[in-house]
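The structure appears below as structure tokens.
The values are calculated or read from the model by the stated rules, or taken from the named source; none is laboratory data. Values in this document were obtained by computation on a predicted structure and should not be read as measured data. Here Cβ is always computed from backbone atoms with ideal geometry, including for glycine, and neighbour counts include all displayed protein chains. The accessibility values were calculated without ligands, DNA or RNA, using every heavy atom of the protein model including side chains. Shrake-Rupley method; radii C 1.70, N 1.55, O 1.52, S 1.80 Å.
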Amino acid sequence: MSDNAYDAVILGGGPAGYVAAIRAAQLGLRPCVVEKDRLGGVCLNLGCIPSKALIHQAGLFASAAALEEMGLAVDRGGFSYRKVFERSRQVADRMSAGVSYLLKKNRVTVIHGTGTLVDRNAVALPDGTRIEGRSILLCTGSRPRELPGFPFDGRTVISSDQALMATALPGKILILGGGAIGCEFAHTLAAFGCTVTLAEMQDQLLPLEDEDSAAVLELSFKRRGITVLTRARALSMERLKTGARVRLEIESRGVEELVADQVLVVVGRTPNTTGIGLERVGIEPRRGFIPVGDFYQTSVPGIYAAGDVVDSPLLAHLASKEAEVAVEHMAGRPTVRHVDPSTVPAAVFCEPQVASFGLSERRARAEGIPFEKAVFPFRAVGKAVAVDRSEGHVKVLVDPRTREILGAHVVGEGAPELVHELLLARSAELLPEDVSRMIHAHPTLSEAVMEAMRAVEGWAVHV
Amino acid sequence: MTKEPQQSAQATRDITYAAAVREAMSEEMRRDPRVLLFGEDVGVYGGAFGVSVGMIEEFGPERVRDTPISEAAIVGMAAGAALTGLRPIAEIQFSDFLVLALDQLGNQAAKMRYMFGGKARVPMVVRAPEGSGTGAAAQHCQSQEAIYCHLPGLKVVVPSTPYDAKGLLKASIRDDNPVVFLEQKLLYRKSGPIPEQDYVVPLGKADIKRKGKDVTVVTWGRMVPMCLDVAAVLEKDGIQVEVVDPRTLVPLDRATIIESVCKTGRVVIVHEAVQTAGYGGEIAAVIADSDAFFHLDAPIRRVAGYDVPIPYNPKLEKAAVPTPERIERAVRDLLA
Amino acid sequence: MATAVIMPKAGMSMETGTVVRWLKKVGDQVTSGEPLLEITTDKVDMEVEAEASGILLCILKDHGEEVPVTEPIGYLGTLAEMGKSSAELASSSASRPGPASAPALVAEPVPAAAAGGGQIPSAAPGSVRSTPAARRLAGELQVDLAQVSPTGPNGEVRLRDVTAAAQKARVRASPLARRVAELEGKELAGVAGSGPGGRILRADLGQPAPVPPLFSPAEVRTPVSGKRKVIAERLSQSKFTAPHYYLRVAVEVDNLLAARAAVGAAGPKPSLNAFLLKYAAEAIKRHPTLNTAWEGDAIVSHPTIDIGLAVAQQDGLITPVVRDCGSKGVLAIEAELKPLVEKALSGKLLPAEYSGATFTISNLGSFGVDEFTAIINPPGSAILAVGAIRKEPVVDADGAVAVRSRMRLTLSCDHRVIDGAVGGRFLRFLADVIEDPSRLLL
């Protein structure tokens, strides 16, 4: 094989791309990653990782109040958000370097440049260099979606990218979009002392999550002074000397105007499928996404797609999994045809945290799917009360006849970690009694999971 | 040890059940001058069923005696004779009539050894034919072994083959206790092999007439050949029946029965005698209160005579006691 | 004393049953064992037999009513009891619970052959009815009797049930798969497990998941590519517009194979297909109707015999064409065909190279197909489908049975252009020359 010919050419070095590359190397393929920016993609650099670092620091900042209650005098005068920002960059840089190291360790060739498809077996760089691959994986990710009428300018109207790169805090911010990203920013900025208004078009925050989880979150936000507006649509904006005046249509209240120093638009993400050469190989995007079939193959044999360019939930762990399946197929290994959507967890890291997988009550009702549910509140869990995190609950949905675990919705401290026990139970086809009969250490938050599983069988002890 | 060589490598000859009884008595009378036989029509007539034909000619009227028609007298005489040193065989013409001698048998003969502190011995045998099938109606067709099993001091023997009949009768005659030896009317004419040489079948030992692994059938007397026939039919369907013949009802060979039920887990007890208070109930209780209980995979079943007098009508007479169909159905039910 | 007719518990998991219809009317005489009513459970429709004889005194639950198991749905009794209220009947009834209706009974000695009168005393709730042997084995094997499905005639757990349960437990299956198997009455033994370590998962039981997947890339499975569309359109058009008919013949190919071997001995051995193209061309020469096309208002006769050979690609089908086969020998045909096929396989054929075949040959012999019918490839009016060569017993000229190598040909013809006799004559000629090439000299 010539120097520029590989078994798998991977366009994009984010969670889909770099994981695919490492997996390909493990399976004995010769992979090449073409990345135009930083390895690790949005997730590591402008998404999951830096945002979690900010959230963590926001939590530390907010604990000043608790410190004061202990009798300490906390001087907030020296606070520098720039330091917070820099710390988040350090984390991102470190993770990105880590990816770099992993790729090197696995002998993955990394080519820095903007690659585009030229034919079904090759990607080319702007200078014409051809990179040939027996198979190609397209995982160019996504970018923040712009709202018509609210163009990003990096100052008054910002995207999540720009918010993560901000070195100073706004005084008053309007966040358009109450999904996971919007809620995380609302939480972080409010914790750092900004005045936050969070507006969401649907009837609840986190429209993709369970309605009760959203309700708990909303209540918590409101208690913290975050203004939450649901069924609110942004109509137009008028730039001011500093900041902007935004007109919102709020269903229950009519049209209102709101003035803020900044408007953060987090209404979704657009897949990066233009300008990567799809037309040259005859791939037609559908609503911007690349259509894929079994094993994440596109309509062109040998070309695969995974991650945010594919019409599946925009989650980093799902991107990695899809990419793995594609690579396993490339290597001729037996693998699943596609990821089972009901085993994909979703997690939101604001406070309280939210996590879930599988069937939601809303969908069950809409489609007439029979279910039984049990809800176990954290206020009945010793650990939660002891650490002052007693808001939230564990909700489980099971099939009435077989007791199969259909879905779980956790809101509260540790939700993203706790959900895994339930997800494991579902994946391994365990029944509620398998979980409820297992001894859970006391005092832990996991006891809520055990009790919820007991509750589903009618014998919860602590409620 | 449960199986005796009914057909050993040695020479055998076929004789009838009746002849086997006769041979046993004759051989013992030749062997021991104290043995004598008396009963109604046993002498000149040769016995109502021809069992003692030729014996008066061989042993003379002192040792083969015709008696008056008084069962109490016959049995009482036997008891007295036995007490005073003889080894009498008293024949009662129909087992149905033995109840007339119950005081002599049950209160006197059975109790004397005990009540005389062991100083008395009553080595007597009371023989009588049991069973239905000859159209002799209610007072001549009964099987009442249960009555005699219930009287401590008596031994009760019910042979089902010529081999068992001869061997067990010899053992009974040689036994120093009163033995009630219940023959089977309808089997008198049936032939079977016996060894040429002398042999004795010990009392108190059951015989596994047929080996099997699926169901145990405990049965005695005339029901034994019927059960063996049913077992052959069931074998065609792959059901293997083990037929256990206790031969001696008192004392009962519990070990053999229990061992068999432990093996098969299922048991049907078949007897011609009436079911209620029949000896099958005793055996069922023995099984239930033994190790075999924990191996039972089905209830203990009895197939026995209905609680009715034996009818005169031949069809009803057959139907009043176990039939091959009833036995087969009981076995199949347990395996259902 | 009246006897209650109850909703029977006809299965371990049965909680309720629904009355479908009564087969007897109130006042009818009923004999023990006679079918009395029809019920339906969540699994099955069944008849319920009368447990006793008597007159049907009353019907408490009728058509369509769902009743919990063991609840009375009627009473049987004597004429004298006719007219009593169900409460009176209930208190006076000696209801003998049916065999399978008492999951909480312990095996107490059942009175034998009791004619509809004995009451089976129930033991402490929670105990499982089982035989002593079953209990012993369950203890030894650590099987929970409560989890064992009983098959005994009186609803008791028998030895075989415990053995079966222990065996089932040894089968590796996820708890959900076990539960579903139990509910659906399926056997786990023998099911191939697709889970880790061969574990049986729910999907292996063939049961649909209760929740349809949110998104199913299966809907987007292999979107129709351009090439696939073209093939689909053209062949559909051909099949649906040209009235196809089919002629079959089995050809002895020993001579053909010998000829091929002979040619091969003297130089490069041409492919079998090259020979077939040559033979077909010769046959078409003598039967030129096979080289025409229907164009609606005219039948067009092609000047040259351009034969296409169907080549299977990874994702489709294409027919490289050898032009003017009538003027070329086998070697020349092969020389042209070989590179065309290579180009076809690598997807590099130019349109000029794959269009305009007047006759097409499709050979699935190498795939092991014995014979098949092909769809005419426009603009041609016929296509020859070639099957695998197989050794077969044939009756030769002397009437003796010999083993020959045979190949089946199926000719599809467009009846608008080629009549049956024409097609038949062509095929027969082709078969004859394949069997005996010397006929070409004639």
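Rolling a 1.4 Å probe across the protein heavy atoms gives the stretch A:237-371 an accessible surface of 43 Å² per residue. The 1.4 Å probe gives accessible areas that order A:459, B:220, C:22, largest first, as A:459, C:22, B:220. Carbon-plus-sulfur accessible fraction, chain C (probe radius 1.4 Å, protein heavy atoms only): 56%. Label zone of residue C:66 (point 7 Å out along Cα→Cβ, amide N under 17 Å): in the stretch C:1-35 this covers C:7-11, C:13-21.
Look at the Cα gyration tensor of the stretch B:11-195: its axes a ≥ b ≥ c give a/c under 1.5, and that counts as rounded. Interface area, chains C and A: about 2400 Å² of buried accessible surface, summed, with a 1.4 Å probe and ligands, DNA and RNA left out.
Using only Cα atoms, figure out Rg for chain A and give it as a multiple of 2.2 N^0.38 Å.
Details: Rg = 23.4 Å, N = 463, 2.2 N^0.38 = 22.7 Å.
Working it through for chain A, the quotient is 1.03.
How many percent of DSSP beta bridges within the protein assembly as shown run antiparallel, rounded to 5? Taking every DSSP beta bridge with both residues in the protein assembly as shown, the antiparallel ones total about 60 percent.
Projecting the Cα atoms of B:203, B:215, B:232 onto the charge dipole of the stretch B:199-254, computed from C-beta unit charges around the Cα centre, puts B:203 farthest toward the positive end.
Relative to the longest principal axis of the Cα atoms of chain C, the long axis of helix C:254-265 makes an angle of roughly 60 degrees.
Here the label points at residue B:191 and residue A:195, each 7 Å from Cα along the C-beta direction, are separated by 12.5 nm in the simple model. Put a plus charge on the Cβ of each Lys and Arg, a minus charge on the Cβ of each Asp and Glu, and nothing anywhere else: the dipole of the stretch C:227-441 about its Cα centre is then about 380 debye. Once the Cβ-Cβ distance of residue C:13 and residue B:316 is raised to the sixth power relative to R0 = 41 Å, the FRET efficiency obtained is 0.30.
Probing with 1.4 Å while keeping every protein chain in the model, the per residue accessible area of chain C equals 50 Å².
Grab the beta carbon distance between residue A:439 and residue A:270, set R0 = 35 Å, and tell me the FRET efficiency rounded to 0.05. If you can, show how the numbers build up before the last one.
On the way: r = 48 Å, r/R0 = 1.37.
Once rounded, the FRET efficiency stands at 0.15.
Counting charges near residue A:449 (Lys, Arg +1; Asp, Glu -1) among other residues having Cβ under 15 Å from its Cβ returns a value of -2. Cα extents for the stretch C:227-441 along the principal axes, largest to smallest and rounded to whole angstrom: 50, 38, 31. Here the stretch A:325-427 exposes an accessible surface that is 50 percent carbon and sulfur, computed with a 1.4 Å probe and the other protein chains kept in place. For chain C, the relative contact order is 11 percent, taking Cα pairs closer than 8 Å that sit 6 or more residues apart in sequence and dividing their mean separation by the residue count.
Multiplying the sequence separation of residue A:287 and residue A:83 by 0.36 nm and subtracting their Cα-Cα distance, what value in nm do you get? Could you put the intermediate results ahead of the total?
Numbers: separation 204, 0.36 × 204 = 73.44 nm, distance 4.05 nm.
Extra length available between residue A:287 and residue A:83 comes to 69.4 nm.
Structure remark: mean-square fluctuation, Gaussian network model of chain B, C-alpha springs under 10 Å; the largest value among B:13, B:65, B:247 belongs to B:13. Burial here means at least 50 square angstrom less accessible surface with every protein chain in place than with the chain by itself, probed at 1.4 Å; in the stretch B:287-336 the buried residues are B:294, B:297, B:336.
Each chain gives up part of its surface: C and B jointly bury about 800 Å² of accessible area, both sides summed, for a 1.4 Å probe.
Taking only complete DSSP H runs, can you tell me which helices of chain A stretch 15 Å or more along their own long axis by Cα positions and average at least -1.0 on the Kyte-Doolittle scale?
Numbers: long enough: A:15-26 (16 Å, 0.53); A:48-69 (32 Å, 0.70); A:81-105 (36 Å, -0.68); A:180-191 (16 Å, 1.08); A:211-223 (18 Å, -0.18); A:316-330 (21 Å, -0.02); A:415-427 (18 Å, 0.45).
Flagged H segments are A:15-26, A:48-69, A:81-105, A:180-191, A:211-223, A:316-330, A:415-427.
Label-to-label distance, residue C:199 versus residue C:327, with points set 7 angstrom from Cα along the beta-carbon direction: 7.2 nm. On the beta carbon distance between residue B:294 and residue B:13, with R0 = 51 Å, the FRET formula returns roughly 0.70. The share of alpha-carbon pairs in the protein assembly as shown lying farther apart than 59 Å comes to 52%.
Quick check: from the Cα gyration tensor, does chain C come out rounded (a/c under 1.5), prolate or oblate? Prolate shape, in that a/c is at least 1.5 and a/b is the bigger ratio.
Candidates C:345, C:268, C:171 compared by Cα position along the dipole of chain C: farthest toward the positive end lies C:268, with charges placed on Cβ.
Backbone N atoms of the stretch A:377-392 closer than 16 Å to the 7 Å Cα→Cβ label point of residue A:252 are not found in any residue. Taking label points 7 Å from Cα along the Cα-to-Cβ direction, residue C:338 and residue A:104 give a separation of 5.2 nm. Sorted from longest to shortest, the spans of the Cα atoms of the stretch A:123-229 along the three principal axes equal 57, 33, 26 Å. Think of a 1.4 Å ball rolled over the protein heavy atoms: the stretch B:232-336 then has 44 Å² of accessible area per residue.
For the stretch B:11-195, what proportion of DSSP beta bridges, expressed in % and rounded to the nearest 5, is antiparallel? Beta bridges within the stretch B:11-195, antiparallel portion: roughly 20 percent.
Given the options C:161, C:398, C:306, which has the most mean-square fluctuation in a GNM of chain C, springs set between C-alpha atoms less than 10 angstrom apart? It is C:398. Two numbers describe the Cα atoms of the stretch B:207-335: Rg and Dmax, which are 13.8, 44 Å. Here the stretch B:11-195 has 56 percent of its accessible surface on carbon and sulfur atoms, given a 1.4 Å probe and all protein chains in place. The stretch between residue A:424 and residue A:372, if pulled fully straight at 0.36 nm per residue, gains 16.8 nm over its current Cα-Cα span.
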